[in-house]
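Beneath this line is the structure, given in structure tokens, with notes to follow.
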Amino acid sequence: MSSLTNNVVLTLLFNDDSTRNITFENVANDDLTAVKSKIQAINANVNNEYANFYQTFISDDGEPVVKIESCKIVSIEEEVIYSG
């Protein structure tokens, strides 16, 4: 029996040039196809649509997030070889 887990790891860039990684665990396969377009929409922030995102995430020094700098999707497949 095997299991597949998808994690999305975002790197946020802040106004003070610091970064922080945020990991979203157990992302459904169907949701992975929208990750890139959602990041592009958040970074574009047309009509201030994602203002809450920019107000929520701040650096350790209180600086606001500037953008999502990078993203990686980590898929982990595990095979159970013994369940005694």
Per-residue [θ]222 nm for the chain (sum of -39500 (n - 2.57) over DSSP H runs n ≥ 4, rounded to 500): -6000 deg cm²/dmol
Residues of the chain: accessible area per residue with a 1.4 Å probe, Å²: 73
Apportionment of accessible area to carbon and sulfur, the stretch 16-84, percent (1.4 Å): 46
Cα radius of gyration and Dmax for the stretch 12-72 (Å): 12.3, 36
Estimated FRET transfer efficiency when R0 is 25 angstrom, pair PHE24-ASP60 (beta carbons, to 0.05): 0.75
Potential extension, ASP31-ILE81 segment - 0.36 nm per residue separation minus Cα distance: 15.1 nm
For the stretch 1-53 and the stretch 55-75, distance of Cα centres in Å: 9
Tilt relative to the chain, helix 35-44 - C-alpha long axis, 0 to 90 degrees, to 10: 10
Cut-off under 5 Å, modelled amide H: who pairs with LYS67 long-range: LEU13
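The values are calculated or read from the model by the stated rules, or taken from the named source; none is laboratory data. None of these values were measured; they are calculated from a predicted model. As a convention, Cβ positions derive from the backbone with ideal geometry for all residues, glycine included, and neighbour counts pool all protein chains shown. The accessibility values were calculated without ligands, DNA or RNA, using every heavy atom of the protein model including side chains. Shrake-Rupley method; radii C 1.70, N 1.55, O 1.52, S 1.80 Å.
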